[in-house]
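Data block below; observations after.
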Amino acid sequence: MDNHVVDIINTQSHEELKILFAHMNAVDIADVLAHADEEHTIAAFRLLDDRVASEVFSYIPLERQHWLVGELTDFEVEEIMEDLPVDDMVDLIEEAPDDVGKRVLENVSPEKSELIDRMLDYPDDSAGSVMTTEVVYLRANMTANDALHTIRSSGVDKETIYTCYVIDSERKLIGVVTADELLYAPLAEKVRNLMDTNVIFAQASDDREEIAGLFAKYDLLAMPVVNRNNQLVGIVTIDDILDVMHQEDTEDFEKMVGIINRSDEPYMKTSVTKHARNRIAWLLVLMLAAAITGAIISTFEDALAVLPVLVVFIPILMGVGGNAGAQTSTVVIRGMAIGEIEKSDIWKLIWRETRIALVCSVILGGANFIRVFFMYDRDYMLAFVVSISLCITLLVAKSIGCTLPILAKTLKLDPSIMAAPIITTIVDCTALIVFFSFARVAFGL
């Protein structure tokens, strides 16, 4: 964000601002408008041309979009909505207060209002909720010249013209053709001879996270969306998928650390009370789970009384085990998210992680044996007990770390909830039981 431009907006230097806006990207303009004082933002926004204003509006954070709609006149709202993509209007209305959503719908054409209502009916996490209906349609019996004329006449209001979709008389998707293929083809060549009939498409009800995976797999810029009758109803574009990936990644990371009711508001805009409410439930669960760890330690009080030095090694075992389990679960959850790991891979996964754990155990166990042996009066038995406990803890941690996310997926739960907090608690308990059990046997406690 350019603080100089924000200062200019806040000081009402309109002439200088017009010159600056003429040389700025729409995203950068939206950024400065989002950070300027509200009382001056409206005046600055009104300096933009209608089409530029719509583009800038689409990049402004939703909270300020809602405020702008409430401050602008009906005519200004209508002008902005005229050029705003339908999918952006849907996002605006979904998150807006009732009065703002009503005002938007009152200032759009009946056709757009119908499209908005249709898209709002799709589930929030579906392809239909993120698609746009502004698509260039072509017919198979068109010539390349006819197709180019169609693109020139209707493409200006479309989301993308690089990829065009071919439909039949019933609007069923039958092929796809790119703009460069049409440009280089003989003008009399039929579209049916140029189009690719092997189309990667999505159903409107498909999960948007799965759609993101297809974009990554096939390096797509856009994907057609069809209904149950294979009729083309819209497209999902790469900019929308990037937003989806950002949202899904944020949600997964927050669940992995125990934030179970994430807020859609920016961090600095979310109240302290709401932040606390989103975090406290999981912290309470973990606090109660930690009581189990305390109970296990109290069970072995007699061993600790005879050999107090055992206490020194509890943090090492719990820390290494928890980190090892968190490493594995993070890798597995990420692999599942991008389609590299399937539920059917569980045995291959366990075998692979077991071998990884064995390698790590040999290295860490050996290093720990040497350290304990020399630090504690060459007590090889103590060094052996601590090291073998560490090795077993690593094996258990990695096994749990790879199986719990897959178990969650099998039970139709989000694998992210099986991340560090749960795994760390389970591994801590296991590490303590293994360690004190070996110590009792080895030292006759």
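Values in this text are rule-based calculations from the coordinates and carry no lab data. It should be emphasised that the depicted structure is a prediction, and the values quoted were computed from it without experimental measurement. No Cβ is skipped: glycine too gets one built from the backbone with ideal geometry, and neighbour counts run over all protein chains shown.
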Less than 13 Å apart at the alpha-carbon level, and either on another chain or at least 8 residues along: which aspartates and glutamates does that give for K102? D74, E78, E94, D117
I want to make sure I understand the PRE zone here: with the label point 7 angstrom from the Cα of H246 toward its beta carbon, which residues in segment 32-60 have backbone N atoms less than 20 Å away? 32-36, 53-60
Using +1 at the Cβ of each Lys and Arg and -1 at the Cβ of each Asp and Glu in segment 3-124, identify which of L72, F45, L115 lies farthest towards the dipole's positive end. F45
How much length is gained if the chain between L283 and F374 is pulled fully straight, taking 0.36 nm per residue apart and subtracting their Cα-Cα distance, in nm to one decimal? 28.8 nm
Residues in segment 127-153, backbone N under 17 Å from the label point at L183 (7 Å along the Cα-to-beta-carbon vector): list them, ranges by number please. 144-153
Loop chymotrypsin sites (Phe, Trp or Tyr not before Pro), segment 136-213 (other Cβ atoms within 10 Å of the site Cβ: 15 or fewer; DSSP): Y162
Relative to the Cα centre, what is the charge dipole magnitude of the chain, using +1 at the beta carbon of each Lys and Arg, -1 at the beta carbon of each Asp and Glu, and rounding to the nearest 20 debye? 3160
Picking from V135, V359, V90, which is most flexible by a Gaussian network model of the chain using Cα springs under 10 Å? V359
According to a simple spin-label model (label point 7 Å from Cα along Cα-to-Cβ), what is the distance in nm between D99 and R51? 3.5
Positive end of the charge dipole of the chain (Lys, Arg +1 and Asp, Glu -1 on Cβ, about the Cα centre): tell me which of T250, S129, G365 has its Cα farthest that way. G365
Global geometry of segment 241-387, whether rounded, prolate or oblate, following the gyration tensor of its Cα atoms and the 1.5 cut on a/c: oblate
Degrees between helix 238-256 axis and first principal axis of the chain (Cα, 0 to 90, nearest 10): 20
Note the angle between two axes, namely the Cα long axis of helix 62-71 and the longest principal axis of the Cα atoms of the chain, as a number of degrees from 0 to 90, rounded to the nearest 10. 40
Per the rule of 0.36 nm per residue minus the C-alpha distance, extending H14 to S154 adds in nm 46.9 nm
Rounded to the nearest 10 degrees, the helix 144-154 long axis (Cα) sits at an angle to the longest Cα principal axis of the chain of 90
Full-extension gain between W351 and K217, please, as 0.36 nm times their residue separation minus the C-alpha to C-alpha distance. 45.6 nm
How large is the dipole of segment 305-360 about the Cα centre if only Lys and Arg carry +1 and Asp and Glu carry -1, each at its Cβ, rounded to the nearest 20 debye? 60
Give the whole-number value, in cubic angstrom per residue, of the convex hull volume spanned by the C-alpha atoms of segment 3-124. 96
Would you calculate a helix-derived [θ] at 222 nm for the chain, using -39,500 (n - 2.57) for each DSSP H run of n ≥ 4 and dividing by the full residue count, to the nearest 500? -21000 deg cm²/dmol
Shape call, the chain: gyration tensor on alpha carbons, a/c limit 1.5: prolate
Using 1/(1 + (r/R0)^6) with R0 = 56 angstrom and r between the beta carbons of D37 and A442, what's the FRET efficiency to the nearest 0.05? 0.20
Set Lys and Arg Cβ to +1 and Asp and Glu Cβ to -1, take the dipole of the chain about its Cα centre, and tell me which of V311, F57, N145 lies farthest positive. V311
Within the P(r) computed for segment 137-252, what percentage of the Cα pairs occupies the region above 24 Å? 28
